[in-house]
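> Let me give you the structure first, and then I'll get to my questions.
Just so you know, all these numbers are worked out from the coordinates, no wet-lab data involved. As the structure is a computational prediction, the values presented were derived from the model and not from experiment. Cβ placement follows ideal geometry from the backbone for every residue including glycine, while neighbour counts extend to all protein chains displayed.
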Amino acid sequence: MSMDVLRSGAREDAAHGTATLSALLPLIAIFAFGILLRNLVVANTDVSWLITLCEKILDGERPYIDFIETNPPASIYVYMLPVIVARTLSVAPEIVTDLFIFAAAAVSLWLSARIVRAANLFDRTAIFQLAALFGAIFLLLPAQTFGEREHIAIITFLPLLALSAVRANGKSVSLVLVIAAGFGAGVTAIIKPHFACAIVLIALISAWPARKWNIFFALENWIAGAMLAAYGAFVYFAFPVFIEKTLPLVAEIYVPVRAPVFRFLLHFATPIYLLVFLSVFLIKGREALRAPFSLLLAASVGFSVSYYSQLKGWAYHSYPMLAFALAAAVIAFAQRWPLAADVSEQRNERAKRIASAFSIALLAGATFLWMNFAVDMRALRDPIARVAPKPTMIAITSDIAIGHPLTRSLNGTWVGRVCSQWIVIGAEILKRQTSDQALHRRYDELAAQDRTMLIEDIRRAKPDIILVDRVRFDWWQWAQRDAALMREIDNYRLVEEIHDVMILRRK
């Protein structure tokens, strides 16, 4: 082999490496900005609480016995490995949890790319562009919702979506990739069984064009179904208290508390959702009913079942449905108006392109802001730290965000068995919705049990700090109506009241 041939090969390798790096730069920038964003937004409330529960379990407490959590075990244990690693390395669990999610996003993007590349569904350039798009959806769009179960669920779901695109085009991939995609889908369904709707819908949409119904019963779907069934059996036998006590309590006092339908439909998520859907159809017309748009929109609709069936109106519930709808809109725009714009483009078409770009950017920005709505209690941190370093804490509130992530940011310890007085507030709301006196008595009984548990926790743990919420409901007045609770609170003095939250320090 001559030296000229060797030099030519080296130049080609260098050129290929440079091209790969250039194509990867947007994705690298997205990961870098995603890391920066973690330090700019408020830490997620639910993630903070669930990390706290993981630590309680590692310290020997029993789920649903020594503490009460409304969600099934997967909601807790999905964070357990990062917490174990963090404890082993003496690092903050929040840092390790974020690292795990970034790693999961990278694996999901890599696996999805492998699947579509193996089937020659997209060329190399398109795959890098899609990776950047979904990288932004995973790492930037969630804002404060980062790390929520919904966020993790769509990361594990993406490989199944890629495989469904392959199936819809009548192609196949290796068994290893099929198993990996099925495993990811199984994790998605376990995280929240509502999400099985998305798995079913994209299976139907994959099979529909060619009427190949065997696709609906493909191996990946059997794997996901088997994992969900096994998880259900595991919960039933391993967590009998959850099945016998917690689940009935949640069904009675938590699930029925819903946002007013009219306000729910007008409150951010639904208007954004409808406008994104409209954008896709305006840009692509009837082509929006074909893959990949049909798959993305089917996934979006499938995930919307969770948001609309729960009727809570919380931003993170709407994240998956908005994420996939926005992905469809961006891809639709990129297909109709490629980056290398035609210089001979008609004025009318140019106007449509600019209007569409502006609209999609506006909807993506609105989604980001919606995901970033959060109760921010960081102003309480320094006043508490001055009077009680590394405090034991509890709060009298119906809002989980009053105590979390504030407690963890102080290196404190939460000593309550519940995250908030969600039972009391649920009982109060449900009492207003019925005149049935038997139900009133039942709700009063549940509220009394919650209040007794709060009193016992304060008496037992003697927390350094009690936070009393007066933001939307005056919990101080509520506490004053109970003599036993006030006898415990009399051992505390008011340090300061910030943003309508009283900080009480043990005398």
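> If I model the chain as equal point scatterers sitting on the Cα atoms and use the Debye formula, what is log10 I(q)/I(0) at q = 0.07, 0.10, 0.11, 0.13 Å⁻¹?
Debye output, listed in q order: -0.45, -0.86, -1.01, -1.31.
> Work through the residues other than Asn411 whose Cβ is under 11 Å from its Cβ and net out their charges, Lys, Arg +1 and Asp, Glu -1. Spell out each step's value before the answer.
Details: positive: Arg381, Lys390, Arg408; negative: none.
In short, +3.
> Still on this structure, please answer the following. Grab the DSSP H runs of the chain that are 4 residues or longer, score each as -39,500 (n - 2.57), total them, divide by all residues and round the 222 nm result to the nearest 500 deg cm²/dmol.
On the way: 21 runs with 323 residues, N = 507.
Here the helix-only value at 222 nm equals -21000 deg cm²/dmol.
> Jot down the per residue volume, in cubic angstrom and as a whole number, of the convex hull over the alpha-carbon atoms of the range 441-482. List each step's numbers first, then the result.
Numbers: hull volume 3.2 nm³, N = 42.
Measuring per residue, one finds 76 Å³ for the Cα hull of the range 441-482.
> Given a Förster distance of 25 angstrom, what is the FRET efficiency for Arg38 paired with Trp110, based on the Cβ-Cβ distance and rounded to 0.05? Mind showing how you got there, number by number?
Details: r = 21 Å, r/R0 = 0.85.
For R0 = 25 Å, the calculated efficiency reads 0.75.
> Here's something else I'd like to know. Taking only Cα atoms, what is the 0 to 90° angle, nearest 10, from helix 93-118's long axis to the longest principal axis of the chain?
That helix lies at roughly 30 degrees to the long axis.
> Related question: Taking amide H positions as placed in the peptide plane 1.01 Å from N, state which residues far from Glu496 in sequence (5 or more) or on other chains have amide H under 5 Å from it.
Ile503
> Let me ask another. Checking the table Lys245/Lys312; Lys171/Lys192; Lys390/Lys507; Lys192/Lys312 against a 20 Å threshold on Cα-Cα, which pairs fail?
Violating the 20 Å Cα-Cα cut-off are Lys245/Lys312; Lys171/Lys192.
> Report the net charge of residues surrounding Ile465, where surrounding means a beta-carbon distance below 9 angstrom and charges are Lys +1, Arg +1, Asp -1, Glu -1. Write out the running numbers ahead of the final one.
On the way: positive: Arg505, Arg506; negative: Asp464.
Every neighbour counted, the sum reads +1.
> Next question. Give me the distance in nm between label points sitting 7 Å out from Cα along the Cα-to-Cβ direction at Ser22 and Ala461, one decimal.
It works out to 5.8 nm between the two label points.
> While we're here: Pull up all non-local amide H partners of Thr413: gap of 5 or more, or a different chain, and H-to-H distance under 5 Å with H placed in the peptide plane.
Under 5 Å from the amide H of Thr413 lie the amide H atoms of Thr392, Met393, each far enough along the sequence or on another chain.
> Please give, to one decimal in nm, the separation of the simple spin-label points placed at Leu219 and Leu311, each 7 Å out from Cα toward the Cβ.
4.3
> Points 7 angstrom from Cα along the Cβ direction at Leu275 and Leu494: gap in nanometres?
4.3
> Grab the other residues whose beta carbon is less than 15 angstrom from that of Leu439, score K and R as +1, D and E as -1, and report the net. Don't skip to the answer; put the middle values down first.
Working: positive: Lys431, Arg432, Arg441, Arg442; negative: Glu252, Glu428, Asp436, Asp444, Glu445.
Around Leu439, the charge tally is -1.
> Between helix 175-191 and the chain, what is the angle of the helix's C-alpha long axis to the longest principal axis, kept within 0 to 90° and rounded to the nearest 10?
With both axes taken from Cα atoms, the answer is about 30 degrees.
> So what is the diffusion coefficient of the range 118-254 in µm² per second by Stokes-Einstein at 25 °C and 0.890 mPa s, using a Kirkwood Rh over Cα pairs?
Using the Kirkwood radius from Cα pairs, D works out to 148 µm²/s.
> Here is a follow-up. Return one number: the angle in degrees, 0 to 90 and rounded to the nearest 10, between the long axis of the Cα atoms of helix 315-336 and the longest principal axis of the Cα atoms of the chain.
Roughly 20 degrees, rounded to the nearest 10.
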